[in-house]
Amino acid sequence: MQAAINNPEASQIIIEEVHSPILKGNPLGDPDTRRVPVYLPPNFDPQKKYPSLYLLSSFGTRGLKMLTDSLWEENIQERLDRLIGSKAIRPLIVILPDASTRYGGSQYVNSIATGQYEDHILELVAYIDENYPTEANRNFRAIAGHSSGGFAATRFGMLHADIFGYVADHSGDKFFDLTFRADFPHLLAYHEKVGHEGLERLLKNPGEELAKGASFHALSLLATAACFSPNKDAEFGFDLPIDLKTGELQEQVWDKWLAVDPVLNVKSSTENLKSLNLLFVDCGTYDEYNLVYAARVFSNNLGEAGIAHHFEEFPGGHRDVRYRYDISFQAISEAMPPL
């Protein structure tokens, strides 16, 4: 644990260097030591117990990004300080994981093409509980995120409700038949322009190729395919859900993507979802990735299954929606029992 600032009345950010046995030897050669910011509230008392919140970043980012200074917007430390200072939320420990990959993101799933990132998050929970004074049970542990982080937060609620008792999903990926398929033409057009060699270059050095004008949409779909349809015998180490020459849907591959689509997993996850102390879902009405329709379908499916949840639409798009954390964090804080 690195040294924190000296003022005990101020909040602290500890940058943990977490050595992950689970990520060691991952297929992309990404670091198995991750720098994980941990937020400790003002007047932190190591003799007390605190709730914990795992906040998952979106594709192309990692937890450290949430600490970025801005002239016009609070970073996550400033936001939490304000919310705790005004008593809108209780003091809590917030963990900002790094589940990034060379391709941009892991979707927080286990994949033979990228690494065991679902297991890594669970590994991180054990590490935090061992090294910080958390109240180490589901009734005091939440998970939240935006975009792919929102998808992952919901998925952890579906699969690991024994670990996380509270879920906040902000504009999370879901209803793939509408959302991801809308991006297929971007990948086809980019492949038409650069060919297989161009896709190989993009996967080998995404930062350099994006700086040259490569398609972010193409990279995002390639990265997602590495997460959802890995195949060690395929050209890129994963299968694509479309034929790059004809644009035809590859049904068997697409079925692998649909197998992790939250809107199609409500029934199979009903027991876990019903056990959550809070399931918070929101999305902007003008989301550029059609995710508002995904959120509506998800909410309808939850309602039909008798799963209690809180769903909100708000005027806005997919980006610049960090202010929505004010609402979900307060909902999580209010749903938790007293310590």
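The values are calculated or read from the model by the stated rules, or taken from the named source; none is laboratory data. For clarity, every value in this text was computed on a predicted model and none was experimentally measured. Counting neighbours? That spans all protein chains shown, and the Cβs are built from the backbone with ideal geometry, glycine included.
Here are a few things to note about the model shown:
- Residue match in segment 145-152 (condition: in a helix (DSSP H, G or I), aliphatic (A, V, I, L, M), buried (at least 17 other Cβ atoms within 10 Å of the Cβ) and touching a residue at least 60 places away in the same chain (Cβ under 8 Å)): yes
- Residue match in segment 170-179 (condition: assigned to a loop (DSSP other than H, G, I, E, B), small (Gly, Ala, Ser) and either farther than 21 Å from residue 294 by Cα or modelled with pLDDT of 95 or more (or both)): yes
- If you filter segment 320-339 down to residues that are closer than 11 Å to residue 88 by Cβ and of a type in the set (S, T, N, Q), you find that the one that is surrounded by the most Cβ atoms within 10 Å (Cβ to Cβ) is 333.
- Cβ separations smaller than 8 Å between residues 6+ apart or across chains give the following pairs from segment 19-36 residues that are of a type in the set (S, T, N, Q) to residues that are exposed (fewer than 15 other Cβ atoms within 10 Å of the Cβ): 20/33; 33/17; 33/19.
- Qualifying positions in segment 42-76 - over 26 Å from residue 107 (Cα atoms) and touching a strand residue (DSSP E or B) at 6+ places or on another chain (Cβ under 6 Å): 50
- Hey, residue 87 basic (Lys, Arg), free of Cβ contacts under 8 Å to residues at least 40 places away in the same chain and at positive phi or not: yes
- The set of residues in segment 20-35 that are crowded, with 21+ Cβ neighbours inside 10 Å and not in a loop (DSSP other than H, G, I, E, B) contains only 34.
- Matching option when the condition is buried (at least 20 other Cβ atoms within 10 Å of the Cβ), at pLDDT 95 or above and in the same structural domain as residue 114 (by TED's automatic domain parsing), among 240, 222, 302: 302
Each row is one residue, and each column tells you yes or no for (1) modelled with pLDDT of 95 or more; (2) surrounded by fewer than 21 Cβ atoms within 10 Å (Cβ to Cβ); (3) closer than 30 Å to residue 233 by Cα.
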site: 86; (1), (2), (3): yes, yes, no
site: 103; (1), (2), (3): yes, no, yes
site: 107; (1), (2), (3): yes, no, yes
site: 112; (1), (2), (3): yes, yes, yes
site: 117; (1), (2), (3): yes, no, yes
site: 138; (1), (2), (3): yes, yes, no
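- Hey, residue 41 surrounded by 14 or more Cβ atoms within 10 Å (Cβ to Cβ), within 20 Å of residue 140 (Cβ to Cβ) and not aliphatic (A, V, I, L, M) or not: yes
- Flag if residue 292 is closer than 25 Å to residue 258 by Cβ, crowded, with 17+ Cβ neighbours inside 10 Å and not basic (Lys, Arg): yes
- Close Cβ contacts (under 7 Å, 6 or more residues apart or on different chains) running from residues in segment 259-283 that are under 15 Å from residue 304 (Cα atoms) to residues that are part of a helix (DSSP H, G or I) and of a type in the set (S, T, N, Q) comprise 262/154; 263/301; 266/301.
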